Amino acid sequence: MRKFLSKVLSFFFPEGITCNGCGCELTDEDDRASGFCIDCADGLEKLTKEKNTYGDLTVYSCFAYQGLVRDIVIGYKDDDQTFFARSIAVYMARLFRENALSCDEVCYIPCGNKNFRRRGYDPMEKVAKAFCEETNLPLSYALHRAKDSMDQATVDFSERYRNMEGCFCADDVSDKNVLLLDDIVTSGATLSTAADSLRESGAKEVICITLSRA
């Protein structure tokens, strides 16, 4: 049923023609690249952009996790609204350029097998592909899920790092500066654990960009 509703939404609100936020028809004055009208784009820009550190990991976040941003994340991951992949990637690419960041290759947080079977796709893989198209950076599949974990949202905050132990492994990324992408950062446990795996496989530096910060 969810996939059917997604197809209906895509028919009435096609990508690049109508706003991904409110559904109004886009004009040349709107932010066509991101897929949002002026009003929705302005609303997004008012949400705080942040740079935070989690241990030795630096994470840049495009927006606070509230309002339309929350709707984007939930719609994309749980309601098959895959057209949001391009919008998310565009905002991440803008943040990448605004902060004059650089990297040798781009990785993303892969979803678990259970969620992949449920959705039929990996949300962050789609975002990472679109991000690399926007930035002309190479996409790497070096980071892998070694095992599924409990959903972080269901785990007590203090237990989130323990929940992610052993969840990732990585191929050789010796002497690479790696950019790691994810949709949301809360405690930093997922990104930090993934970054540790990349470092153990030789990464020289790992920095992260997320769409949002809770």
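What follows draws every value from the coordinates through simple rules; no lab data is involved. Here the structure is a predicted model, which means the values were calculated and not measured. Ideal geometry is used to build each Cβ from the backbone, glycine not excepted, and the neighbour counts take in all protein chains shown.
R0 = 22 Å: FRET efficiency of Cys22 with Thr48, Cβ-based, nearest 0.05? It would help to have the intermediate numbers written out before the result.
Values: r = 22 Å, r/R0 = 0.99.
About 0.50, to the nearest 0.05.
Taken over the chain, the ratio of Cα radius of gyration to 2.2 N^0.38 Å equals 1.00.
Subtracting the Cα-Cα distance from 0.36 nm times the residue separation, let me have the gained length for Leu139 to Ala33 in nm, one decimal. Walk me through the intermediate numbers first.
Values: separation 106, 0.36 × 106 = 38.16 nm, distance 2.08 nm.
Full extension of this stretch gives 36.1 nm more.
Is the shape of region 64-131 best called rounded, prolate or oblate, per the rule: a/c under 1.5 gives rounded, else a/b larger than b/c gives prolate, else oblate, with a ≥ b ≥ c the square roots of the Cα gyration tensor eigenvalues? Don't jump to the answer; show the numbers that get you there.
On the way: a/c = 2.37, a/b = 1.36, b/c = 1.75.
Judged from the Cα gyration tensor, region 64-131 comes out oblate (a/c at least 1.5, b/c at or above a/b).
If R0 is taken as 30 Å, the Cβ-Cβ distance between Ala146 and Leu101 corresponds to a FRET efficiency of 0.60.
Between Arg70 and Phe116, what FRET efficiency comes out of the Förster formula 1/(1 + (r/R0)^6) with R0 = 22 Å and r the beta carbon distance, rounded to 0.05? It would help to have the intermediate numbers written out before the result.
Details: r = 23 Å, r/R0 = 1.03.
In this case the efficiency is close to 0.45.
Counting neighbouring Cβ atoms within 10 Å and putting the fewest first, the residues Tyr60, Tyr54, Tyr76, Tyr91 line up as Tyr54, Tyr60, Tyr76, Tyr91.
Across all Cα atoms of region 78-192, the radius of gyration (one decimal) and Dmax (whole number) stand at 14.4, 39 Å.
Between their Cα atoms, which of Lys77/Lys114; Lys51/Lys147; Lys129/Lys176; Lys77/Lys126 are more than 22 Å away from each other?
Lys51/Lys147
Across Glu125, Glu45, Glu98, mean-square fluctuation computed from a Gaussian network of the chain (C-alpha pairs under 10 Å connected) peaks at Glu98. Shown in residue order for region 165-181 are the 3J(HN,Hα) couplings computed by the Karplus curve 6.51 cos²θ - 1.76 cosθ + 1.60 at θ = phi - 60°: 4, x, 7, 10, 9, 9, 6, 5, 10, 3, 6, 9, 8, 10, 9, 10, 10 Hz (x for Gly and Pro).
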